[in-house]
Amino acid sequence: MKHTLSVLVEDESGVLSRISGLFARRGFNIESLAVGPAEQSGRSRVTMVVDGDEHSIDQLTKQLYKLVNILTVLDITDIPSVERELMLLKVNANTTSRSEILELAGIFRARVVDVSEDALTLEIVGDPGKIVAVIQVLEKFGIREIARTGKVALTRESKVNTEYLKL
């Protein structure tokens, strides 16, 4: 099962290297990684998606706490949270397909950020499911390039689990 870990760290050189080294030594593959400044100066938030069972993720969390500069580790997989990704997607777009691509982009609230004679580059922001859906819908036109940020997430203060609202 994929787990989303939110790790608050002291913003010092080598922290990310120590975290990734721990994952490599333990045989874990980091499927998604996003790092950026946190709400307090001198701290960063690392959001990772890692595949593993409950026991292995629990062990990994304990190992993370042993590292210097780790402040908190939270597995937010089953906690109501807001998740987003950013993707830039370059798709083939000739004169006959351009209007259909623009219509589909509008459905997903994608922004056109570059236009050429034979391609469009779109910016899409949303939950990971939306990102996958956009890729599937636009594949038939021929995708040239994709760049994705990886998941960023924060727990919901309202504690409302939007997964139940999708049913």
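The values are calculated or read from the model by the stated rules, or taken from the named source; none is laboratory data. Just so you know, these numbers come straight off a predicted model, no measurement behind them. Here the Cβ positions follow ideal geometry from the backbone for every residue, glycine too, while neighbour counts run over all protein chains shown.
Would you say Arg84 is under 30 Å from Glu12 (Cα atoms) and basic (Lys, Arg)? When the stated conditions are applied, Arg84 passes them. Listed by position, the helices (runs of 4 or more DSSP H) contained in the stretch 82-167 that have at least 3 residues being β-branched (Val, Ile, Thr) are 128-138.
Inside the stretch 147-167, can you point out the residues that are charged (D, E, K, R) and modelled with pLDDT of 75 or more?
Arg148, Lys151, Arg156, Glu157
Note on the stretch 90-128: residues that are at pLDDT 95 or above and within 26 Å of the chain's Cα centre (by Cα) amount to 26. Quick check: is even one residue across the stretch 22-35 buried (at least 17 other Cβ atoms within 10 Å of the Cβ), in contact with a Leu (Cβ under 7 Å, 6 or more places away or on another chain) and without any contact (Cβ under 8 Å) to a residue 40 or more places away in the chain? Within the stretch 22-35, one or more residues are buried (at least 17 other Cβ atoms within 10 Å of the Cβ), in contact with a Leu (Cβ under 7 Å, 6 or more places away or on another chain) and without any contact (Cβ under 8 Å) to a residue 40 or more places away in the chain.
Name the one entry in Ala133, Ala105, Ala93, Ala119 that is closer than 27 Å to Lys2 by Cβ and among the small types (Gly, Ala, Ser). After ruling out the rest, the residue left standing is Ala133.
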